[in-house]
Amino acid sequence: MIELRDVAFAYEDAPAFTLAHLDLDVAAGTIMGIVGASGSGKTTLAKIIAGFIPSTEGGTYRGTASVAGAVLSEGTLTEAVDVVGLVTQNPFNQISGARFTVREELAFGLENRSVERSQMIERVDAVADTLGLTALLDRSPYALSGGQMQLVAIASMVVMAPPVLVLDEPTSQLDPAGTRLVYDVLARLSEGGTTVVIIEHKTELLHEHCDAISVLASGRIVSTGTPATVFADDRLSTWGVGQTRITQAAREARARGLLPVTALLPVGVSDGAAVFAENGAAR
Amino acid sequence: MNDLTIRIDGLRHTYESGVEAVAGVDLTIAPGERVAIVGQNGAGKTTLVRHLNGMVRPTEGAVHIGDWSTSDKSIAELSHRVGYVFQNPDEQIFARTVEGDVGFGPKNLGFEPEQITESVMTALEAVGLAHEAQVHPHHLSLSERKRVAIAAVLAMRTPIVVLDEPTTGQDEDGVRLIASIIDDLTARGTTVVAITHDMDFCVENFERVVVMARGTVRADGPTARVFADQPALEAAAVEPPQLARLARVLGWSEMAVDPSGFVDAYERRRRG
Amino acid sequence: MTTLYLERASAVHRLNPVTKLVALLAIIAIVFAVPQWWIPLGIVVLVVVPAAVLARVGGRLLRLFLILLLPLLVVLFIVQGFFFPDGTTVLWQWGPARLTVEGLVFSLTIGSRLSALVLGSLVFVLTTHPARLMTALTQAGMSSKIAYVISASLQIIPAFQERARSILLAQQARGLEIAGGPLRRARALLPLIAPLVLGMITDVDERSTAMEARAFGATPRPTSLTVVDDPLSERIGRWLLAAAAAAVIVLVVVGVIA
Amino acid sequence: MSGSTPAVDANRTRNRIFVALGTLVIVATYLYLILAQPEELAEGGLGTSALIALAGYLIGAGLIAAGAIHRLPTATLSLIPIAIVLNIAVGQLTAVLGLPLYLDSIGTVLVGVLAGPAAGAVTGALTNVIWGLTIGPIALPFAVTAVVIGVLAGYAARWGMFRRFYLAPVAGFVTGIVAALVSAPIAAFIFGGATGAGTGAIVAAFQAWGNSLLASTTLQGLLSDPLDKTITFTIVVIILFALPSRLRGRFPFVRQYNVFGKVAPVAPAEPAAPAAPAAPAEPEAPKA
């Protein structure tokens, strides 16, 4: 679905390339997690996949990024936006301000795509329902808390039902309950065929929900694979990516001879429980 | 060690909108203690800690910082005793250089010029930005600007430091750096109060945890004990740290604070 | 929301905003075309005030009149009543101040026109929710870009105030003393304004990305979730109002009304 | 900036005509009012000058704003609301503090300098609309002045007046003179010289010295506007010089006309050849 081939980008007047020699493949209908230290180029990558670079950003761009077979840099931004939805970092900046209620805010993108009114009402109600926003529909979007705004920002993109959805740290302002809600929605979208790319620091959640993980370090993809392999990689810390506490514990247990070296390092609670229980931790 | 005890007595705060954000809190924090405050969005955490330097005033009850009541001191006066790091660094950064911005607080507190230079450089070294002292703060990334904001408070050398969500937006190295800053503060005898959603960070860096829900304290005590109190955590919708959840699934009664502690417990169990 | 709009259930509120706007423009055109001072005053008394009462915003209109308009009218009568350059019929004189008949008539003309202009606009603003106004104007063909700028400005005001408050707190927490003499307060200005402007400009990039991600400006003819009713009677009414205003102007220009 | 709006180009000619026509209407209105006015006033009434001042200026400002807004990319559009709020916030603060200035066009000038005359014009016009919706419609007739200030700020930036710290106040002074001339007929024929207590007193004094109404409001404007705009432009140049250069450079207008002086372009170092593909450290395993 998403194909990046030898992509490189340097911002105007920047002394170095932010991204270089970048290859990335995301299969249709899967959830891909992108991890990496701050400054590794994650946000730039998100903008390339969504078609905003090079079209709205001056600088040096090379390589080809294609989504659903179309090369983004050859089409207009409008064409790209029809295929890829982008949720940016700060929820406050994603409220358009063009509309006075959450309901209209959610419909804003649909209006710009000339969707028929009856269909709009239906889609707005549905997305509000899945993200638990129904009670807020008649409130002003600016009267919401940071967490609620973040849910509205995500909903305003989900309602447009793009075939590809890119989210840049979508849960930074959410508490655990809100975060779970977002991941549930993403899982459901992916079941329905949407391709999801998510940039996130929360290793445990990515492990639980993603089909694949790519690690970005200094503007390059240094590792791609299933969450279980990537998050158990020895080099994770050198890339500035956090291991879960369970992985750390298992690693230590292994070093102390308490777990067999052949056992795969666990990342989350359920695989952790399986590994430790199998080796005699129960009771 | 400083000698300023934080005393919160029967505190209530109702906003003009009618929302009662803090609904009766009693809390004493001893000098040099490090306390994490956790809870869902909207539990009243920020409103509570904003009382500590007078940004929010009690509707009912009182907050004392040592012998001062926060009700009759200005925020600027209280800033001699309480430093406060905001969630959003862009709400305070204004100077054209990182150094100038970090020096703003010490200057306001009346430090001598050489004292300012010294405390600014020490603070910048602590947050790993000494080499960026002459850079425009807006040429830095958001996570670096957040560290500038932390340095700006460190440079004030207040006996009490409040941190509102210090780890959001920080990567692995950033979180580790913040943990080491908290260690330095404790070594200096500073009282540290932090709000956090990151339970792993909380459990590894704070000896005491206060769990809040709906403006009240639902649990308060040593970290390991609080995170073993399943009913209180559930009532406050707080998700325990990962190792605590694992221990629970495995049916353990005790709780390990960090991976080594967990492996120790695992070893004991394996031996029988 | 920080506009003057007052939520009420009234026939004036229910009118299509475009109709109210056309009526307002017609009134303004008429009062500024006719030379007689009593015509604008008549329109205020017979049209504007009754509309305000009907819309149940009369009390607020009175208050705004006292705050906004009355001081201007007082200044107007002093300046032009006593210092009108072309005044010849002097009623009373004291030093350079000469109360003249011409000056009074001039003040009355300007004052009554100004009253019609300001009070008419106020009734329009008091009874028209900006969201509904923007929807109706976009429906009538106004660029959605103009609608965006107006709506966003109105909504950013509270967010801006909120941010200004946070910045004030953040700098006070760093020991900034804001009480005191004017010099001290002037010095406090930079740490307060700089983060405000800087932050807002930094946000622009992400804000426009978010707008374009939702296809803003992709089509000149977007649809609308909300629709403002525009019955035939109002459409006819608008044409009649426009025709009436045009007729009055023509009559003034050809000299029938003088 | 973005290639997302092909529909705009189709209306390019129409927009140009709007702007040109708007400018023409404003200039014609001003000239007519200066040349034709005195004799009419002598007849004792106001004649049609008030209607012409109001209609000519409003239609002119509206045409320019409508023609200009279509040329603006989304990035500029999302800057304008912030500038409008800045205008209103500082303007109100100045009024509350009772300073003898307006300082209500800081945002308009800021946008003009960063994004050009068209953006400045739109900011100015819509500021007065917002002002009307929030504080009261008194300022609405002065929309044309705000448009002129925004346009002139844009051209001042284009002609290099913001490359040196000391040139900006000069540009502000000149802008103030033009603003005073343009707004004088509104102050005279619509407000009768009574736009405020302080300004009213000054107008009265000029009239007592034997000046006509229009001459008096013009002189009053020349007393306050150039000073006000000099200060405004100075504040704006201080703000802009405090901005990091990278942020200023984000605006295409700034780059195109070297608004803040020439910046040597930097070419990024070529990226090195890709490292050998990293082999997975752990055996492949199904997702937990």
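The values are calculated or read from the model by the stated rules, or taken from the named source; none is laboratory data. Since the structure is predicted, the reported quantities are computational estimates derived from the model, not experimental observations. Please note: Cβ atoms are built from the backbone with ideal geometry, for glycine as well, and neighbour counts cover all protein chains shown.
Out of the residues in the stretch B:234-272 that are hydrophobic (A, V, I, L, M, F, W, C) and over 28 Å from the mean Cα position of the chain (by Cα), state the one that is nearest to B:ASN41 (Cα to Cα).
The extreme case among them is B:VAL249.
How many residues are facing chain D (nearest Cβ under 8 Å), part of a helix (DSSP H, G or I) and in contact with a helix residue (DSSP H, G or I) (Cβ under 6 Å, 6 or more places away or on another chain) if we restrict to the stretch C:74-109?
7
If we keep just the residues of the stretch A:59-84 that are out of contact with any strand residue (DSSP E or B) (no Cβ under 9 Å at 6 or more places or on another chain) and of a type in the set (Ser, Thr, Tyr), which is surrounded by the most Cβ atoms within 10 Å (Cβ to Cβ)?
Here the answer is A:THR78.
Taking the conditions exactly as written (outside the structural domain of A:SER223 (by TED's automatic domain parsing) and over 22 Å from the mean Cα position of the chain (by Cα)), does A:ALA107 satisfy them or not?
Judged against the criteria, A:ALA107 is a match.
If we keep just the residues of the stretch D:189-199 that are in contact with a helix residue (DSSP H, G or I) (Cβ under 6 Å, 6 or more places away or on another chain) and without any contact (Cβ under 8 Å) to a residue 60 or more places away in the chain, which is farthest from D:VAL25 (Cα to Cα)?
Of everything passing the filter in the stretch D:189-199, D:ALA197 is farthest from D:VAL25 (Cα to Cα).
Between a residue in the stretch B:229-242 that is farther than 27 Å from A:GLN243 by Cβ and any residue that is not hydrophobic (A, V, I, L, M, F, W, C), which pairs come within a Cβ distance under 8 Å, given they are 6 or more apart or on different chains?
B:ALA232/B:ARG218; B:ALA235/B:ARG218; B:ALA236/B:GLY39; B:ALA236/B:GLN40; B:ALA236/B:ARG218
Can you name every residue in the stretch A:191-211 that is over 25 Å from B:THR167 (Cα atoms) and either part of a loop (DSSP other than H, G, I, E, B) or facing another protein chain (nearest Cβ under 9 Å) (or both)?
A:GLY192, A:GLY193, A:THR194, A:ASP211
Going by what's in this entry, would B:ASP173 be described as surrounded by fewer than 23 Cβ atoms within 10 Å (Cβ to Cβ), among the acidic types (Asp, Glu), within 13 Å of the chain's Cα centre (by Cα) and part of a helix (DSSP H, G or I)?
Against the criterion (surrounded by fewer than 23 Cβ atoms within 10 Å (Cβ to Cβ), among the acidic types (Asp, Glu), within 13 Å of the chain's Cα centre (by Cα) and part of a helix (DSSP H, G or I)), B:ASP173 does not qualify.
If the Cβ limit is 6 Å and pairs must be 6+ apart or interchain, which residue in the stretch B:254-267 that is more than 8 Å from chain A (Cβ to nearest Cβ) pairs with which residue that is of a type in the set (Gly, Ala, Ser) and not in a helix (DSSP H, G or I)?
Partner pairs satisfying both residue conditions: B:ALA265/B:ALA256.
Take the conditions more than 25 Å from the chain's Cα centre (by Cα) and surrounded by fewer than 16 Cβ atoms within 10 Å (Cβ to Cβ) and apply them to A:ASP129. Does it pass?
no
Those residues that are over 19 Å from A:CYS210 (Cβ atoms) and either basic (Lys, Arg) or crowded, with 18+ Cβ neighbours inside 10 Å (or both), I need them from the stretch A:220-234; list them, please.
A:ARG220, the sole residue that qualifies.
How about the stretch A:241-283: which of its residues are of a type outside the set (A, V, I, L, M) and not in a loop (DSSP other than H, G, I, E, B)?
The answer is A:ARG245, A:THR247, A:GLN248, A:ARG251, A:GLU252, A:ARG254, A:SER270, A:ASP271, A:GLY272, A:PHE276, A:GLU278.
Any idea which of A:VAL158, A:VAL215, A:VAL127 is in contact (Cβ under 8 Å) with a residue 12 or more places away in the chain and over 21 Å from C:ARG214 (Cα atoms)?
A:VAL215
Quick check on my filter: what residues within the stretch D:148-197 are surrounded by 18 or more Cβ atoms within 10 Å (Cβ to Cβ), among the hydrophobic types (A, V, I, L, M, F, W, C) and within 14 Å of chain C (Cβ to nearest Cβ)?
D:ILE186, D:ALA187, D:ALA188, D:PHE189, D:ILE190, D:PHE191, D:ALA194
Being of a type in the set (D, E, K, R) and within 17 Å of the chain's Cα centre (by Cα): is that true of D:ARG158 here?
So D:ARG158 passes the test.
So which residues in the stretch B:33-51 are buried (at least 24 other Cβ atoms within 10 Å of the Cβ), over 19 Å from B:ASN205 (Cα atoms) and facing chain A (nearest Cβ under 10 Å)?
Selection gives B:ALA43 alone.
From the list D:THR127, D:THR199, D:THR175, which one is part of a helix (DSSP H, G or I), at pLDDT below 90 and farther than 24 Å from D:THR48 by Cβ?
D:THR199
Among C:VAL45, C:VAL57, C:VAL34, C:VAL49, which is out of contact with any strand residue (DSSP E or B) (no Cβ under 8 Å at 6 or more places or on another chain) and either aromatic (Phe, Trp, Tyr) or under 16 Å from C:ALA245 (Cβ atoms) (or both)?
Answer to the selection: C:VAL34.
Would you call D:ALA168 assigned to a helix (DSSP H, G or I) and within 26 Å of C:VAL118 (Cβ to Cβ)?
The answer is no for D:ALA168.
Testing D:LEU77 on (1) in contact with a helix residue (DSSP H, G or I) (Cβ under 8 Å, 6 or more places away or on another chain); (2) over 19 Å from C:VAL149 (Cα atoms), one condition comes back false. Which one is that?
D:LEU77 satisfies every listed condition except (2).
Working only within the stretch C:111-136, note down all residues that are in a helix (DSSP H, G or I), closer than 15 Å to C:ASP229 by Cα and within 11 Å of chain D (Cβ to nearest Cβ).
Those that are in a helix (DSSP H, G or I), closer than 15 Å to C:ASP229 by Cα and within 11 Å of chain D (Cβ to nearest Cβ): C:LEU133, C:MET134.
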